[in-house]
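Read through the structure below, which is laid out as structure tokens, and then see the notes.
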Amino acid sequence: MLTFTIRRLLLAIPTLLFISLVIFLLLELAPGDPLADMPMTIPPDVKEKIRLSLGLGRPMHVRYGLWLYNLFVTEPLHWWDAAFHTTYSEGMQRIISFQTRAPVFDTIAERIPQTLLVVGMGYLVGTLISLPIGIISAYRQYSWFDQFGTFVSMVGFSVPTFVTGVFLIIVFSVLMPTDSMFWLPSIYDTTHQVTDWASFVKQFKQMAMPVFVLALYQAAQVSRYMRASMLDNLSQDYVRTARAKGLSERVVLLKHVLRNSLIPVVTVIALGVPSVFTGAIITENVFKVNGLGQQLLLSIQGNDAPMVLTISFIFAILIVLFNLIADVLYGILDPRIRYD
Amino acid sequence: MTDHTIDLKAAKPRNQWWDVWDQFRTHRGALIGMVIFAVIVLGTLLGPFFWDVDPKFINIRARELGPSLAHPLGTDQLGRDMLARVLAGGRITIAVGMTAMLLSLVLGTLVGVLAGYFRRLDGILMRLTDLFLALPLLPLLLLMVMLFREPLVLSFGPEGGIFILIVFAIGVTSWMHAARIVRGDVLALKEREFVLASRSIGTPARRMILRHILPNVMSPIMVSATLGVANAVITESALSFLGLGFPPDFPTWGRLLNDGLPYINLSPERVIWPALALSALVLSINYIGDGLRDALDPRIRGR
Amino acid sequence: MKMKSALMGAACAFALAPFAAQAERGADGHVNVIYWQAPSILNPFLSGGTKDVESSSLILEPLARYDEKGNLVPYLAQEIPTLANGGVSEDLTTITWKLQEGLLWSDGSPVTSADAVFTWQYCTHPEGGCAQLSKYEGVSTVEAVDDLTIKVTFGAPQPNPYGPLVGAQSPILQKAQFENCLGTKASECTEQNFNPIGTGPFKVVEFKTNDVISLEANPNYRDPAKPAFATMTFKGGGDAEAAGRAVLETGEFDYAWNLQLAPSVIAGMEAAGKGKTVVGFGTLVERIEMNMTNPSPDLAEGERSTAAHPHPILSDMRVRKALSMAIDREILVEVGYGAAGRPTCTIVPAPEVYASKDTSCFTQDIEGAKALLEEAGWTVGADGIREKDGMKLKLLYQTSTNAVRQDFQALIKQWWSEIGVETELKNIAGSVFFGSDPGSPDTFPKFYADVEMYANNFDGTDPQSYLAGYTCDKAPSPANQWQGENINRFCDPAYDALVAELGRTGDIAKRGELAVKMAEMLSTETHTIVPLVDRGRVSAHSNTLGGVVLNTWDSELWNAADWFRVK
């Protein structure tokens, strides 16, 4: 397993380089213009000059090479400098966003806390509640609990988050009287800092709706896979054997069946974790959480190639990494799975 | 998968598919699901014959009306009849949702099974999956429109061409989850005793996959199918935002949801009806999937 | 009145303060502003986006701004230089501004004419990529005559010399701060671009790009009693609905910018009673542009939508006129804009002196339109669609993705179908449509459609450069990478002559006459551009925010210094 992991990690480097090239080409070829959202009152010749100042006059391969150089040389040097107060990166231009004219990594660093907090929390809560729901739904198949869970998760998944989000805002921010203790803010305050109990309550309140929306969506998805996989395993011979041996239901269920049912669930969770980092575009927008998802959307709409490329590349790293973790976990969950 | 089942049933009567059908019939949830699904499909297909109001007709004097006899679901901001729009939207939504889901499922299952079963293909196919997962969706879709919209519209007509484009766009960008999930299950399955046993008697790979592997990964595939329909419908509405979708006056459930959203405070029914229709569709597919999965499982069958 | 309320507020908030006799800076506490487009940068020279220009106008100020009626009012200048007071030279080639005395930057250093000169150098640097370069068009030098006197010299007589250093788009930067940010270095100066030092009522505490700006009152603001608010949060992002909701329904925010929402939605929000909307009109006109060239996909790439192939249908003025006559502009306004729109027949609806008074297009005339089409030889075919010489009267109508525009498309399609015109609708994501990527077939300058709809306006109060965009040589074509303002490919030597004449004319009444004539040539005379709606701007403020004066000629936040809390 160790050699497998090392081999896959080494293989990840060319894979990621290739992915970055494909993303770059995709952004190049896709229609769009970083100056599309500028007012029409700016004449075309001025726009052309701006385009040149953004470095768009240089040929494609030069721009890609520069981005790679910046990513692997300038940025690490800069971080080194920032950490140890050295000056190796002086005079070197970092990866600059077209939209903000600021280093993209600064913006990303600014965005990560709220994204991890809100989206991560939603993901965590959703996953944690989905597992027991899935297990109980399968164990008591077609009970009222299962039926109710199925109904809620299907509605939760089929109604898009932009509808559930707005619906919650209408109920808890608009219709709820402002002085009620159940009133929740419709706009997330990213400058808010938790210092005492009152500010913690405020943070809790402003996170409540986005976390709920995300958790519902996530739980709907994972609990379906959990349930299906448990059902598959509950009818297997080894379960009968275990029961015949006189093992308690608890042990049968949680030790034998659950372990064998986790493979698809692990896959789904591993696929979901990287998306926590790119944020939840729609939910972030509905509640103005302004995390990485909102930034990515703005950058894509604004055709801000350096920002989109960098965020997508980080996302690609996480995808490759977590899919590798999933593969390793398969081997642990089911030792018969071998890659070598 | 449903098509597959029916085809075989018609071609070879009195084979194991009859057993499947018998088992399926005893599944109450599946039957109810079938009925609801049939009602939705027939409703959207035949509905316009009974409710022959033009969904695109604007009556500016009948704007934003509540439910009434003339307009059972009210009217929208341009005075278009909502019932007619929900019915007309349903046809295209269901068609897009089902076809795109089938395409992504077939692609995902194919990649998943090949990668899981043949070790040589695993590396390359999974790296391809990683690549597709990492691609930013919006630019990819925009690029597809730019490259394919005009040729497709020219060769298949505006509606046919755009239908193909949308189904293709959704299918090509949403197969990766199914692929990873199926592969994970196949990896575990192919080390099971019955597979080893079957292989030891020299069963060829093709039959191994069709006979032993596929039936055993049915349940995650069914879940993917259910979730896939909802996903496809929502993606379609996002596409129409990008200008990739059907012409803007063409109602689909996703677009009705989008259009109704600003009015949620004034007339919540404009959001509620399409959302309800969508949920009912997804729920019915879910129950059909449930029943089908049970019916296909020989261990449950006959119990 | 305003003073009194501010004073009362101060008295309440600082009941314990020893003397609350006069209005005090910062006495009204905190104010929340929401823009549904988040500012990316606070340097308007590096981004022309409205959100960036308006947010930076809280911090950076020009010599003079336009007020809500479009008149110039001095900000950093003592007075507006004119021919009458000798500030503008007789030959219209120089304008001399005098800075107010004793002005300080928010860091405490004095404002001098060197800062103004530097701003000109900054923006006109050939490698800087300055978005406001056109403001300095024709300027040969900007000199500091003395510490307070700035002299701008133009290369040729300039009938409208109020471009440089005037208005929210072209404020004055601090030389000391931006000295090392010239040319290619402009993009590297993140710290400066995010935290510019200014003379405005507020200064930046923290700028989170594309998210939120925390501001506080500028301690060195020239009026010691202002601003009334000690701090401001400027939140960005989301959509217009959410912004409107936050001000009008939940009361979380005090001011929301540009609520592009259906009138019934706004009315519903206002009914909650937490705030009210304000409307202002400028020069923004929603219009349908007719393609004078043939966009048919049968033509080879490079030939499509170029002057080489006149449009087979729309080249006939009668067809264009019929299409315009079939439109009921009153209903468009009612459906799409309500109080924030009014029907218009001209592309220059304001200022008064330049605006055409023609209202001939206001009444819909379906029968007249049919008759015109008959006259042009288009007869109704079997399927109700008109045809002529075997060609169907079928148009492709494109616009950007936007709820109101899609409603307009549906309405106009129906009206056109009543006169026997078949319309295919197409909507394109704004980021593609308004871009000018020469590789994309879907951009508005490329115009691979028969008609398209969008809104356009001009900066400031002078339409000269706007009208000059419709000369023959400004037509987008493959030769100029599809860059050009003459979207319709309109071409009339008589019009070009008028453009030249306008450039030479200084007398305001004469200029008005010319501009009206030119605008009418484009719209009501030839129906090349079919103006639909004069679009106003709706913004909303809470009931407790006082002093809001909506200004569409400059930044909406132009008078944020005068805002106060209604108690």
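The values are calculated or read from the model by the stated rules, or taken from the named source; none is laboratory data. Predicted model, so just to flag it, every value in this text is computed and none were measured. When we count neighbours, we look across all protein chains shown, and the Cβ atoms used for this are built from the backbone with ideal geometry, even at glycine. Just so you know, the surface numbers come from the protein's heavy atoms only, side chains and all, with ligands and any DNA or RNA stripped out. Shrake-Rupley method; radii C 1.70, N 1.55, O 1.52, S 1.80 Å.
Checking each residue in the range C:175-188 for being facing chain A (nearest Cβ under 9 Å) and open to solvent by less than 10 Å² (accessible area, probe 1.4 Å) picks out C:GLY183, C:ALA186. Looking only at residues of the range C:302-326 that are surrounded by fewer than 17 Cβ atoms within 10 Å (Cβ to Cβ), touching a residue at least 40 places away in the same chain (Cβ under 8 Å) and not aliphatic (A, V, I, L, M), we find that the one that is farthest from C:CYS491 (Cα to Cα) is C:GLY302.
Checking the stated criteria, C:PHE433 turns out to be more than 30 Å from C:PRO164 (Cβ to Cβ) and within 14 Å of chain A (Cβ to nearest Cβ).
For C:MET518, the conditions (1) open to solvent by less than 20 Å² (accessible area, probe 1.4 Å); (2) under 30 Å from C:TRP257 (Cα atoms) all hold with the exception of (2). Number of residues in the range C:94-139 that are open to solvent by 50 Å² or more (accessible area, probe 1.4 Å) and either aromatic (Phe, Trp, Tyr) or more than 30 Å from A:LEU52 (Cα to Cα) (or both): the value is 7.
If you filter the range C:241-274 down to residues that are within 25 Å of C:ALA561 (Cα to Cα) and among the aliphatic types (A, V, I, L, M), you find that the one that is nearest to the other protein chains (Cβ to nearest Cβ) is C:ALA246.
Entry remark, the range C:23-40: residues being within 14 Å of chain A (Cβ to nearest Cβ), open to solvent by 10 Å² or more (accessible area, probe 1.4 Å) and assigned to a loop (DSSP other than H, G, I, E, B) number 2 in total. Would you mind stating whether A:LEU117 is within 22 Å of the chain's Cα centre (by Cα), open to solvent by 50 Å² or more (accessible area, probe 1.4 Å) and modelled with pLDDT of 90 or more? In short, yes. The conditions of being surrounded by fewer than 22 Cβ atoms within 10 Å (Cβ to Cβ) and more than 23 Å from B:ILE181 (Cα to Cα) are not met by A:SER275. Is there any pair linking a residue in the range A:1-28 that is farther than 17 Å from B:LEU135 by Cα to one that is surrounded by 13 or more Cβ atoms within 10 Å (Cβ to Cβ) and aliphatic (A, V, I, L, M), with Cβ under 6 Å and at least six apart or on different chains, and which? As it stands, the answer is A:ARG8/A:LEU324, since those pairs meet every condition given.
Where helices (runs of 4 or more DSSP H) fall entirely within the range A:272-340, those with at least 1 residues that are among the aromatic types (Phe, Trp, Tyr) and within 9 Å of another protein chain (Cβ to nearest Cβ) are at A:281-287, A:305-333.
When you scan the range C:213-250, how many residues do you find that are surrounded by fewer than 19 Cβ atoms within 10 Å (Cβ to Cβ), among the small types (Gly, Ala, Ser) and touching a strand residue (DSSP E or B) at 6+ places or on another chain (Cβ under 7 Å)? Qualifying residue count, the range C:213-250: 2. Residues in the range C:108-159 that are in contact with a helix residue (DSSP H, G or I) (Cβ under 8 Å, 6 or more places away or on another chain), among the aromatic types (Phe, Trp, Tyr) and in contact (Cβ under 8 Å) with a residue 60 or more places away in the chain: 2 in all. Hey, could you check the range B:162-214 for residues that are within 11 Å of chain A (Cβ to nearest Cβ) and open to solvent by 50 Å² or more (accessible area, probe 1.4 Å) and say which is nearest to B:ILE234 (Cα to Cα)? The extreme case among them is B:HIS177. Residues in the range B:57-69 include none that are closer than 20 Å to B:SER237 by Cβ and surrounded by fewer than 20 Cβ atoms within 10 Å (Cβ to Cβ). Taking (1) in a helix (DSSP H, G or I); (2) buried (at least 17 other Cβ atoms within 10 Å of the Cβ); (3) not aromatic (Phe, Trp, Tyr) in turn, A:LEU124 satisfies each apart from (2). Put simply, of A:PHE162, A:PHE148, A:PHE157, A:PHE167 the only residue that is among the aromatic types (Phe, Trp, Tyr) and either crowded, with 24+ Cβ neighbours inside 10 Å or under 30 Å from C:CYS189 (Cα atoms) (or both) is A:PHE157.
Of the residues C:MET453, C:MET521, the single one that is among the aliphatic types (A, V, I, L, M) and within 14 Å of chain A (Cβ to nearest Cβ) is C:MET453.
Just one of the listed residues (C:LEU550, C:LEU532) is surrounded by 24 or more Cβ atoms within 10 Å (Cβ to Cβ) and touching a residue at least 60 places away in the same chain (Cβ under 8 Å), namely C:LEU532.
The residues of the range C:38-57 that are farther than 28 Å from A:PHE287 by Cβ and in contact with a Lys or Arg (Cβ under 7 Å, 6 or more places away or on another chain) amount to a single one, C:LEU46. If you filter the range C:327-359 down to residues that are part of a helix (DSSP H, G or I) and open to solvent by 50 Å² or more (accessible area, probe 1.4 Å), you find that the one that is farthest from C:PRO463 (Cα to Cα) is C:GLU334. Considering the range A:181-205, and only residues there that are away from chain B (no Cβ under 13 Å) and touching a residue at least 60 places away in the same chain (Cβ under 8 Å), the residue that is farthest from the chain's Cα centre (by Cα) turns out to be A:ILE187.
Restricted to the range B:232-257, and to residues there that are at the interface with another protein chain (Cβ under 8 Å from one of its Cβ atoms) and open to solvent by 20 Å² or more (accessible area, probe 1.4 Å), the residue that is nearest to the chain's Cα centre (by Cα) is B:ILE234. Filtering the range C:193-207 to residues that are buried (at least 20 other Cβ atoms within 10 Å of the Cβ) and either more than 10 Å from chain A (Cβ to nearest Cβ) or without any contact (Cβ under 8 Å) to a residue 24 or more places away in the chain (or both) leaves C:PRO196, C:ILE197, C:GLY198, C:THR199, C:GLY200, C:PRO201, C:PHE202, C:LYS203, C:VAL204.
The listed residues are C:PRO493, C:PRO476, and the only one of them that is touching a residue at least 12 places away in the same chain (Cβ under 8 Å), within 14 Å of another protein chain (Cβ to nearest Cβ) and out of contact with any strand residue (DSSP E or B) (no Cβ under 8 Å at 6 or more places or on another chain) turns out to be C:PRO476.
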